[in-house]
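Everything below concerns the one structure shown next.
Computed from the coordinates by the stated procedures, all read-outs in this text should not be read as laboratory data. The structure displayed is predicted, hence computed values, not measured ones. All Cβ positions, glycine included, derive from the backbone under ideal geometry; neighbour counts span all protein chains shown.
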There are 2 protein chains.
Amino acid sequence: MKENGKVTIYDISKKLNISAATVSRALNNNPKISKKTRDLVFAAAKEMNYKQNRLAQALKSGKSKNVGIIVPYINRNFFSSIIRGIEEELGPHGYHVIICQTHEQMETEVEQINTLLNTQVDGIFMSISKSTTKTDHFKKVLDEGKSLIFFDRKLDVPGVSSVVIDDFKAGYLATEHLISQGCKNIAHFAGDLNLEIYKNRYEGYIKALKDHGFQPNPDYVVTTLSSVESGAAAVSKIWELNEKPDAIFSASDYTALGAIQELKRIGIRIPEDFCISGFSNEPFTKYMEMPITSVDQTPLRMGKIAAQVFLEQVDSPQKLTIEKKVVLAPELMVRNSSDRSLHKLAIH
Amino acid sequence: MKENGKVTIYDISKKLNISAATVSRALNNNPKISKKTRDLVFAAAKEMNYKQNRLAQALKSGKSKNVGIIVPYINRNFFSSIIRGIEEELGPHGYHVIICQTHEQMETEVEQINTLLNTQVDGIFMSISKSTTKTDHFKKVLDEGKSLIFFDRKLDVPGVSSVVIDDFKAGYLATEHLISQGCKNIAHFAGDLNLEIYKNRYEGYIKALKDHGFQPNPDYVVTTLSSVESGAAAVSKIWELNEKPDAIFSASDYTALGAIQELKRIGIRIPEDFCISGFSNEPFTKYMEMPITSVDQTPLRMGKIAAQVFLEQVDSPQKLTIEKKVVLAPELMVRNSSDRSLHKLAIH
DNA sequence: TATTTCGCTGTAATCGATTGCACTAAAATA
DNA sequence: TATTTTAGTGCAATCGATTACAGCGAAATA
């Protein structure tokens, strides 16, 4: 009960007339300490309102029991859900999570990694920024003997584990679903193709078309930003084509929404005349009056699995040689924006 | 460049044949160190890839440059936006944010506070859980000389600062707006009235009614959970009344959405026959085909201001005596679900 | 020339907890 | 009774950085 509320093992040791070493051992339930002493120490610790100083422990042990999580923006549903998953899996193991944002800047990403390393985190989880091209800063993490785990957006770096969904398959499934609904001219609203995830979605789309005997049409592929406005603009663009599409597989729910709004505005009926699938299963997709078909990326699960990979690695002595790549299955949530079966029933 | 990549000031001091103290001073730009030595040290530090150990600094200085943020759930738009605001304001000052969840359990909240204190955070930001009734754990934080700042959901605890929006005013504004649209029988879908925020919204609602000559009707107040289902159920409930309401001020966007869905299902026209306002300005409210009127809580701003309050306190020596209470103005976002002016124009 | 001042650097303690090694007294064994 | 074992503790170094205090050589002053 000192002024600043800082009670240390030395305070306890003085009070009980024993050494600080004994207090430390007693608190850690070291079997070499007699039950009598241990009980005394615990009683005194409680009475004096002793709190262990995790900083001191961390300095001594070299393990801070903190991990860093780096994402472009915290307040995106996808990322905050992953963070939640990691926190919930790691919390019970005594870890705290430190959150950083990159704002999609590689420069900031490098900086964040450096400060996290300075803080002695035991590992780093991250989704790379859109502008990330170099990998030196990732290697630094490995050089320090800490594990690095990519989730969703990744780069191939030796020694770095990753947890992603199968974006290729997701693109394939969504496109195949649109085909199954009778769509013949399927457009794709792509994301930044420099990112692996968007490239894979695109390729899944292409493959599905080919597998079902459709010739991919480059005019049907529009690169968009993940925004409602961008989706509406992209619709205007493809609407200038002679042979207009009758479906869109969008790599983003926001562009899908913008597309739907624009299509309705120009009088297109969905899903009768036009089918749409988005991506990410953003909360709003299921709340719409016309719920939007989308691909669920199971972010909570993704976070939990990333955390499990981390835990395996910290416990293992040869952690750096293990490089675990987990690929999760995406789940297509079929909803009204692309589901003609409901509609047909209504017609009958 | 040792095995584990740990370079300390001692390594630099050995290499340059000077003392570690000099290295430390040089790195900290202590003016007592000659420029020559300083340059040598910086060069060596860079060459050896030296990284300061923030744990050691923290232990020595008593300042970890970490703050804790405790929220019920990370992946709620409102909370993740606040976290973002805090991170963006504190990051440039060298702070890291550690995130914890309570899952609305007071027990967990107490635990999280304890582990954060053990980790020697310099301050704690939090929104209390629904089940929080005691305040002992908050006092502990103050006893340790650290600042505690509530945002949104708070309790009155001496010495604890807070940043909230004026929920009373928000409730008043929303209700008054509904009145201005010609609604005569306005219901309220309330949240957990044990929480100050929901109580204030309710009271703002009551006051607005009275101020405009309406007699509050207890039958029109339904306590709901913040979910779509709960909103639909609440509509069913008020629809059993003889005199049915013609508007709802809902303390949650989710219940507002559920209400809209249910009202549409039973054939009520919105906003012609019925007006609705939600609360929180969840992202989906503006994306709906019938965008939902809602109260914006400006979470980003709230987070930034909370961070500013913290910064003022850590810099001030008598921080514990200052107890700052910031009340932000809410912003009513009027949208189609309650805006009859648009509708009238259409009729003309 | 003798003394004071100043600029720069080193010594050692400190933050709080942990742990290898040494030590003592009591118990077990010869 | 003499000796070994064992249980229980203490001493002191350590993790890495900071900082009060002391010290030393060179320049400035008397």
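Near B:Ile268: Cβ cut-off under 12 Å, other residues only, Lys/Arg at +1 and Asp/Glu at -1. The net charge is 0.
Among bridges DSSP assigns within the protein assembly as shown, what percent are antiparallel (round to 5)? Antiparallel bridges: around 10 percent, rounded to the nearest 5. Couplings 3J(HN,Hα) for segment A:139-144, derived from phi with the Karplus relation 6.51 cos²θ - 1.76 cosθ + 1.60 (θ = phi - 60°), are 5, 4, 4, 5, 4, 7 Hz, where x marks Gly and Pro. Distances, shortest first, from the label point of B:Ser341 to those at the same position in the other copies read 4.7 nm; the point lies 7 Å along Cα to C-beta.
For the protein assembly as shown, the Cβ-based charge dipole about the Cα centre amounts to some 3080 debye (Lys, Arg positive; Asp, Glu negative; other atoms uncharged). Computed on segment B:9-52, with alpha-carbon pairs under 8 angstrom and 6+ residues apart, the relative contact order is 36 percent. The GluC sites (Glu not before Pro) of segment A:249-308 that DSSP puts in a loop, and whose beta carbon has at most 14 other beta carbons within 10 Å, are A:Glu272, A:Glu289. Running a GNM on chain A with Cα contacts under 10 Å, which residue among A:Glu243, A:Glu109, A:Glu331 ends up with the highest mean-square fluctuation? Sorting by GNM fluctuation, first place goes to A:Glu243. Restricting to bridges with both residues inside chain B, how much of the DSSP beta-bridge set is antiparallel, in percent to the nearest 5? The answer is about 10 percent antiparallel. In the assembly of identical copies, B:Glu144 has its label point, taken 7 Å from Cα in the direction of the beta carbon, separated from the corresponding points by 2.4 nm (ascending, one decimal). Shortest first, A:Ala43 label-point distances to identical copies amount to 6.4 nm, with the label point at 7 Å from Cα along Cα→Cβ.
Across peptide A:61-73, the average count of Cβ atoms from other chains found within 10 Å of a residue's Cβ is 2.
Summing +1 for each Lys or Arg and -1 for each Asp or Glu among the other residues whose beta-carbon sits under 13 angstrom from that of B:Gln308 gives -1. Compared with the dominant principal axis of the Cα atoms in chain A, helix A:253-265 is inclined by about 30°. Helix B:167-180 versus the longest principal axis of chain B: what is the Cα-based angle in degrees, 0 to 90, to the nearest 10? Compared with the principal axis, the helix lies near 30 degrees.
Relative to the longest principal axis of the Cα atoms of chain B, the long axis of helix B:106-118 makes an angle of roughly 20 degrees.
How high is the relative contact order of chain B, given as a whole-number percent (alpha carbon pairs under 8 Å, six or more residues apart)? Across chain B, relative contact order equals 16 percent. Counting, for every residue in A:278-289, the Cβ atoms of other protein chains within 10 Å of its Cβ and taking the mean gives 4. At an R0 of 45 angstrom, the distance between the Cβ atoms of A:Ile322 and A:His212 translates into a FRET efficiency of 0.70. Its DSSP H runs of at least 4 residues, each contributing -39,500 (n - 2.57), put the calculated 222 nm mean residue ellipticity of chain B at -13500 deg cm²/dmol, to the nearest 500. Where in segment B:251-275 is the amide nitrogen less than 18 Å from a point lying 7 Å along the Cα-to-Cβ axis of B:Val221? The answer is B:251-252.
Counting Lys and Arg as +1 and Asp and Glu as -1 over every other residue whose Cβ lies under 10 Å from the Cβ of A:Ile197, the net charge comes to 0. Scoring B:21-29, B:82-90 by mean Cβ neighbours within 10 Å over their residues and listing the highest first yields B:82-90, B:21-29.
FRET efficiency for the A:Phe42 to A:Glu111 pair, using the beta carbon distance and R₀ = 41 Å, is estimated at 0.40.
Computed over segment A:9-52, the Cα gyration tensor eigenvalues convert (square root of 5λ each) into semi-axes of 14, 10, 9 Å, ordered from largest to smallest.
Peptide A:109-121 shows a mean partner chain C-beta count of 3 within 10 Å per residue C-beta. In straight-distance terms, cross-link reach from B:Lys210 covers every one of the lysines whose alpha-carbon lies under 22 Å from its own, apart from those fewer than eight places away in the same chain; here that gives B:Lys169, B:Lys184, B:Lys199, B:Lys244.
Students often get this wrong: which residues of segment A:70-84 have the backbone nitrogen under 18 Å from the point 7 angstrom along Cα-to-C-beta of A:His103? Answer for segment A:70-84: A:70-76.
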